[in-house]
Structure formats: structure tokens, C-alpha cells
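Working notes for the structure below.
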Amino acid sequence: MLKVIHDIVQKSIFLLIGFCAYNKGLAQSDYFFPPNARFDESIPTPEEYLGYPIGTLHTRHDAIVGYMRELARISDRAVLDTIGETYEHRLLVVLKVTSPENHSNLEQIRQDHLKLVDPAESIEDYGSQKSVVLLGYNVHGNEPSSSEAALLTAYYYVAGRNAEVTDALDDAVLLIDPAFNPDGRDRHSTWANSFKGDPMVSDPIDAEHNEMWPRGRTNHYWFDLNRDWLPLAHVESQARIDFYHKWYPNVVTDFHEMGTNSTYFFEPTKPFGSENPVVPRDNYDGLNNLFAGYFHEALDEIGSLYFTKEQYDNSYPGYGSTYPDIHGALGLVFEQASSRGHLQDSRMGKVAFAFTIKNHLTSSMATVRASVGEKETLLKHMENYFNSAVEEGKRAGGGWVFGDQTDEGRNGEFIDLLNRHKIETIQLNEDITLGGKQFKAGNAFYVPNEQKQYRMVRTMFEKVTTFYDSIFYDASSWTAALTYNMPYERYTGKAALRGMTIDENYSGSTYASVPNSNYAYLIEWDEYYAPKALHYLLEKGIYVNTAFKPFSIETNDGVKDFGYGTLMIPVNRQEINSNLLHGFVEEATDLAGIRAYSVNSGYSSSGIDLGSGNFRTIRQPKALMLIGGNVSSLEAGEIWHLLDTKVGMPVTKVMTSNVGRIDWAKYNTLILPSASYGGLGKSTIDRIKQWVREGGTVITLRNATSWAIRSKFVNAKFGDSPERDTPERMNYVTAREFRGSNAIGGSMYMTDVDITHPLGFGYTQRDLPVYRNHSIFMAPSEDPFNTVVKYKENPLLGGYVNKTNLEKLGGTASLIVSGLGRGNVIMFADNPNFRGMWYGTNKLFFNALFLGNMF
Ligand SMILES: [Zn+2]
């Protein structure tokens, strides 16, 4: 029976993709590989290993790893590395394929290769060096053809007997990473396989072609890993970057899928407009054009249609095809029209899964061909790239001084990011004042420009505000220091700043344990990780208060100033004894990496005393978040990830289709990520309003804020929507550029935060950079105390925005609050948790969660 089904499936595929003869194994090879390809028969084909022909099923990730492991077991051309694992414990693997001779000498080859990256070294003989090619696949889990192509590519280079293969393996080291995003891949593959019909259904509306929320594009936490090469918010990217910097590949591929009605895309991307400002021009003018010759030749050969140059963004450094460009390599994006499922109708006939796989396989082989054919050019490009980086950095002079004076958690996270990107950082051993900002030794750090990662230094600190054109596929600003709300200044002095170079083991201050107190403990709220300690204490049933006014008081560390939001834990009002409480306070602060202070008197030397009514008891948040439907899975995932990894707090995720089953009495905080929420219906909206009136807190983000205003949760208003400078008539061909110039893509703005409002507690400066990638303009609240975060006049920090929009934006609200009965509605116009990189604005969200009922 199984055999019969197998044959039927195979035959139907053959008809679709034009096989004229059926011959197991050989037919697969004939379809996918060049006519002259010859293989070592002792190596199993993917079909022989998997039990089905490639293209007839979506291969599970464990089977992909299994096949790679089998190749490594049988062949002396292949070795399998495990470089990490995903949140769902799927292995991240890289199959290293090269000649047996190279394998016997691989560590030496790697060491020799790293001389290209080291300006102190010079290369004498390029001929003996190897081209290192990272063949990366399937960062978007529901663009599945590429991992199947990875199986065939691995087979081709492990089993191939043609001179093209053996010569390539002499000259190159192939690093085959078959799945950048295994969790997302399996989520999608399971869906596509589950709904596959027999016979297959090519109707685009069939369930097979329309996955369920949150779909497989993203990872476990619903993040787009093809935006994460810069933020490194996720374990997959962290493992990948560690591996990347062990090898510094010369060429990196990044395979994708696009709309079913399209054809195929390879680089060059759109000239100038889509290019990254720090990447040298020879990358685009030289290497990209050189490689394009190989790609078009290979695709012409198999008769595939394609396009180039018209689109696709290559500017944002967090793409898998752009990060390599900023590391002396050639990063390459490929896009294949998706069959999304096994077979789907398009405007130009049916698109079969096998056909999409064949195109990516063909590009994989062309990439290796080009990487070998242009080896010397690639090696010289990389060597020159890092030499010129040091030269440019030296000409620029000086560097960047940074450091938050109170928040070691945020300093530590930012330093960790710089370390992971191999950016040299020095911890200064003297105080320095720059641009009116004081940086004190211990919390002052210096990144010199003169270093081989100079172009990554620019990526971290420079603001870009001039652009070639106005179309942005994604973001036009990514200055990492701003996303961390990190105080920083350009240092242009002649003298080199001295201190200790920071290594991977940097961990900030360590604190002696807090002495036992019979009166109270204090924890500062300006620490990024203070909410983690707070959550731990609330879980233990401890009463914790927050300070609505500053004070100074004698502590175990002398008299100390405490700011807004300081946590105060009294000893004798708790339901546990003082020793147990002391233990919990120690555990909470250890967990969060912060310190607590012990006090023996409630009498402050200035400001409020500890028994003041200006201390209010914090309610433990019982949070519920709506997901599913048209809720933004990216925003929902960012919140889920934030609470899991930064606070350690559970959040109940409820599908909007289940909203009628919620027992509202169990929760006090409702989180609404962006969505139209059109399906909720009047009775549900009324139920939520009633729950707010009884004391619930609603937190809305971006589009959900628009929804809350439209649904009359509050009296808030939208600001004036921007008018366009519309000319009377324009040529149709310019329409896309014109519309693009009126949109607000990802860009950064300066706001003013009210640090005396509970939602602003813990900020020590009023200036706060925010991220905006939408056109919702929210008017300030009519209540003078309710606009917590407001755009400054002329607020642009980095990125593209047109003049009209910029003028409208000044003075509008970024975060307002409004009361409803005994509850509150907290409305974010902007997303404070964007891409897991906005450590600066995360605190606003923490405050909404923990202090959202306190005004
Ligand atoms: Zn993609």
C-alpha cells in the first residue's frame, strides 16, 4: 500500500514537472542536477535516505539533520558541527564539506584564512588559500524550498564525481547550514504536510497554502530571524554569529521565497537606494556584478525566468545578506516564487515545490562555482576590506565614549552586543566629561574608531539622516546605542583613552550580600533588571511598595539618594519572618544581578520617610495577552519574549477566537498588541470596558491604540494626519517612489518623558529615543498630567522622514494614559519592545505592567 501511494505521488509530480521517464533515484538526479553529473553510489541520495522524492513532502528538520549526519558518517568529504540549539531544542548544524586532504588540515586552513581579517598579517600566496562559502538556508520557516535544496546541494558536493565538484572541494570550504530557523521550519512543514491532498490541490485558497497564525516565518518567539543579525536577541542568531566569526566566510547565501506569481530574484539589489552606507562600493559595483554573471548563466541554462536590480533591500545590517557585506564578504539574497505547499496555481501555470527547489539548488551550485572561479578576487576583497577599515578608522580618529551611570544591566547588555560583534571596547579607568555628559570610571567605556570592526562601530553609533532615495523596505535607522538609550558622545581628542580591554567574561559589578534588616530593604528602580527582582518578590507573596517621590536615607552603604520608583520592602508588615524575607530579597537581587540596600530607620535625611503615603503598594500583575486573528505576531512575540527572558513572568496568551471563554476575574492586566480587533464584537468590547471600570489595566500598542480610541475606551484624539504635498499630475512610473516618500519607515525620534509619572519611573533623564514605523499621530491628552511621553519639536534622530511628516510629528504623543472607572488605559503610539533591541523603551512597558494601576 505504501509503495502504491509512493508511486502515485511520484507519478503525479513527474507529470507536473515534465519528467518523461520514471526511474527512481536516477529520475530525481536527472531532474535536479546537470546532465553530466556523476555520483558515488555508496552515498545515499536524499530520496534513498528519506524514503520519498525531494519535492513530494516537506522534510522535517530532524530528518534534515539526520541526512547531514549520515553524509558525515559515510564520507571523508564531510564533517558535521553542532553550533547550538533552538528554544525548542532543535539542533543548529553546519555540514563542513571540502576535500579529504583539506579536512585533514582544516584547523590550519581556518587559521590561514583568518589572516585576511587581521591587518597585522599579509598573504603571500592566494593560490594556497581557500574560498570559504557559507551556504545558508531557510531563515523564514515558511519559505521551505531552500532547506530541501540544501539536502541536494550537500549530496551534490559529497557524492559528486565530476571534476567541477572535486576541483571546487580542493579550492573551497563549504559550510552548509541547512536551516537558519528550525522551529519555524517545522511549524510550517507540519502544516503543509498535514493538509496535503492526494491528488494534490493547487487551488490557492486551500488550507494547505494558508497556514494558521502565527505561521512559520518566524522563530519560537515569533521573531523574524532575518532581522536579528544585528540585535542578536535570539539563541539562533547568537550561535550563528559565534560560528560566523570563527570562519569569516567570503560568500554567504540567504535563500527566500516571495509571492507565487513572481519568478526568481538574485542580486544585485536596487542600486544605491537599497545599499548600506558603510559598505565599500566595490562590493556592489564589483563582486555583485561578477557573481550575477554566474547566476544568470546557470538559470538561463535551465530556462528559469528571473529579475534583478529592481528591488530588495540590502541596507539594514540585521539581514543575513547584508551583515556579511559589512564583514568583507559578499552576502547574497535569493528569492523564489513560492509554491507555499506542494503545488499551487499561479498566473503563469502551476508552481510545483520541486521546481522551486531546483532553482535554489541551481543558484547554490552557481554560488560555489563563482566562489571558486573568483577566489582570488574574493580573498583580496576581504583582506582589503579590513585593512581599509583600520585606515578609515584611523583617519576618523578618536572614537565613542558611552555608559549609563546608574543602570549596569543595560550597560552589560550593550557591552555583550559589542562583544558578540567582535567590536573592541575598553573600560576606562578615569572619569571623563564630554558634550556636557559625565562618564565615571567603572561605568565609562570607550570604543576606538581605529579597529578592524570600524564599519560595525559606525553601525552601532552613527546616525544616518541623508539618503539616496526614499523607499525603504524595512528600516532606515538602526543606531544601536540609541535603541539602548545609552548615553554616548563622540570622542575626538588626540590622546588615546586608557583602560582595560573588555573580553567575553565582562560581568559588571558584583555586590556583597545585603545585611539582614529588621526595618526595610530598598531596591533602585533605574536598573533595567529591577522588574525581574520585583516579580520574584511578588511571586513569593511579599508586599513591595514604590516611591512616588525621591528621598535620601541612611543605608548599610551610608546616606544615599533614591529616585522615583524605588522599591521599599518593609520587614515587619510581611506575613513571613525577617530571616525568610532577607533570603528572598537576596535571591531576587542575585537573580536580577542588582543590589539591595538595608535600612534600620524609616527617618529620611531629606524627602519622604518610609512610612509616607507617597509609598504605594504594588499589585502583582496577572497578565493576559490577546493573540491570533490579525494580531501582529511580531509585537505579541516581542512581549512574550520580553516577559520570559527579562522578567521571568508568565503571560497567558489567548486566541481572539477564545475571548468569550475568558474568566476576567482572574486577570488585572490586558495586553493588546497591534490588530484591528474588528472581530471582537460589541458585547466583548463592553465586557472589557466593564472589567477596566472595576480596576483592570489595558495596555495597547500602535494599531491597538487606534482601536481603543475608535472604540471609545478613552477620550483621546488622533493628531492631524499629515497632508501630502501632492502635485497635480505625475507620471505613473514614479508612483511607488512618491508613495514611499510619504510613508514613515523605521526611523528614530527624540521624545521627552515625564520621569515623575509612574510610567516614567526609573528614567533618570527626560530625553528618550523611540522607534516609529507607522503613521499614527496621537494628539497629547487634554489632561495636562496624562501625556507621559511626548515628541520633541524637530525630533528626528536617524532615518528617513519627509519634511511634512516631521513637522506634524513634533509635539504629538508617544504614550498617553487615561482613566476609565477604577481602571486605566495605557496607550503606546510606538512599539517599546521593537525587535528585542529597544532596551531603552522596555522600561515604559515594564512600568505599564507593574505600576499601570497607580494613577
Ligand atoms: Zn524570506
Tell me, please, whether a residue that is surrounded by fewer than 24 Cβ atoms within 10 Å (Cβ to Cβ), acidic (D, E) and modelled with pLDDT of 95 or more can be found in segment 761-771. yes
The conditions are (1) within 18 Å of H535 (Cβ to Cβ); (2) part of a strand (DSSP E or B); (3) in contact (Cβ under 8 Å) with a residue 60 or more places away in the chain, and V585 fails exactly one of them. Which is it? (2)
Q344 passes all but one of the listed conditions (1) within 16 Å of the ligand (Cβ to nearest atom); (2) polar (S, T, N, Q); (3) at pLDDT 95 or above; the exception is number (1)
Among the residues of segment 536-555, are any under 35 Å from the mean Cα position of the chain (by Cα), over 20 Å from L581 (Cα atoms) and without any contact (Cβ under 8 Å) to a residue 60 or more places away in the chain? no
Tell me, yes or no, whether segment 96-106 has at least one residue that is under 24 Å from D30 (Cβ atoms) and surrounded by 15 or more Cβ atoms within 10 Å (Cβ to Cβ). yes
Residues of segment 262-290 being within 16 Å of the ligand (Cβ to nearest atom) and surrounded by fewer than 20 Cβ atoms within 10 Å (Cβ to Cβ), which ones? S262, T263
Condition (residue is at pLDDT 95 or above and either within 30 Å of S476 (Cβ to Cβ) or under 33 Å from the mean Cα position of the chain (by Cα) (or both)) applied to segment 689-697: is it met by at least one residue? yes
Looking only at segment 632-670, which residues are within 22 Å of Y771 (Cα to Cα), of a type in the set (D, E, K, R) and either without any contact (Cβ under 8 Å) to a residue 40 or more places away in the chain or touching a strand residue (DSSP E or B) at 6+ places or on another chain (Cβ under 7 Å) (or both)? E635
Picked from segment 291-341 (must be within 30 Å of V464 (Cα to Cα) and acidic (D, E)), the residue nearest to the ligand (Cβ to nearest atom) is E335
Check off (1) buried (at least 16 other Cβ atoms within 10 Å of the Cβ); (2) in contact with a Gly (Cβ under 8 Å, 6 or more places away or on another chain) for L809 and give me the number that stays unchecked. (2)
Those residues that are in contact (Cβ under 8 Å) with a residue 60 or more places away in the chain and either under 19 Å from I685 (Cα atoms) or surrounded by 20 or more Cβ atoms within 10 Å (Cβ to Cβ) (or both), I need them from segment 619-631; list them, please. P621, A623, I627, G628, G629, V631
When restricted to Y763, Y771, Y800, Y839, the only residue among the hydroxyl-bearing types (S, T, Y) and over 23 Å from the mean Cα position of the chain (by Cα) is Y763
Selected residue [at pLDDT 95 or above and over 18 Å from Q405 (Cβ atoms)] from M460, M500, M486: M460
Of all residues in segment 385-425, which are aliphatic (A, V, I, L, M) and touching a Leu at 6+ places or on another chain (Cβ under 7 Å)? V401, L417
May I ask you to verify whether L91 is modelled with pLDDT of 95 or more, of a type in the set (A, V, I, L, M, F, W, C) and over 24 Å from S131 (Cα atoms)? yes
Selection from segment 656-673 of residues that are under 30 Å from the mean Cα position of the chain (by Cα) and farther than 23 Å from L851 by Cβ: T656, S657, N658, V659
Looking only at helices (runs of 4 or more DSSP H) that lie completely in segment 642-759, which have at least 3 residues being of a type in the set (A, V, I, L, M, F, W, C)? 681-693, 703-710
Qualifying residues in segment 225-256 (those that are in contact with a Lys or Arg (Cβ under 8 Å, 6 or more places away or on another chain) and farther than 27 Å from E374 by Cβ) - the one nearest to the ligand (Cβ to nearest atom): R227
For segment 75-94: of the residues being in a loop (DSSP other than H, G, I, E, B) and among the acidic types (D, E), which is nearest to R161 (Cα to Cα)? D76
E107 passes all but one of (1) farther than 24 Å from S363 by Cβ; (2) in a loop (DSSP other than H, G, I, E, B); (3) modelled with pLDDT of 95 or more; (4) not hydrophobic (A, V, I, L, M, F, W, C); which number fails? (2)
Looking only at strands (runs of 3 or more DSSP E) that lie completely in segment 299-358, which have at least 1 residues being within 19 Å of the chain's Cα centre (by Cα)? 330-337
Can you say whether A329 is at pLDDT 95 or above and in contact with a strand residue (DSSP E or B) (Cβ under 7 Å, 6 or more places away or on another chain), as far as the supplied structure shows? yes
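Being more than 16 Å from the ligand (Cβ to nearest atom) and part of a helix (DSSP H, G or I) is true for just one of V390, V401. Which residue is that?
Just one listed residue meets the conditions, V390.
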Turns out the helices (runs of 4 or more DSSP H) fully within segment 130-203 with at least 1 residues that are within 16 Å of the ligand (Cβ to nearest atom), at pLDDT 95 or above and in contact with a strand residue (DSSP E or B) (Cβ under 9 Å, 6 or more places away or on another chain) are 145-159, 182-194
Might you let me know whether segment 774-782 holds any residue that is assigned to a strand (DSSP E or B) and among the aliphatic types (A, V, I, L, M)? yes
Mind telling me which of the residues E424, E376, E391 ends up being in contact with a Phe, Trp or Tyr (Cβ under 6 Å, 6 or more places away or on another chain), surrounded by fewer than 22 Cβ atoms within 10 Å (Cβ to Cβ) and of a type in the set (D, E, K, R)? E376
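The values are calculated or read from the model by the stated rules, or taken from the named source; none is laboratory data. Keep in mind it's a predicted model, so treat the numbers as computed, not measured. Reconstructed Cβ throughout: ideal geometry from the backbone, glycine too, with neighbour counts over all protein chains shown.
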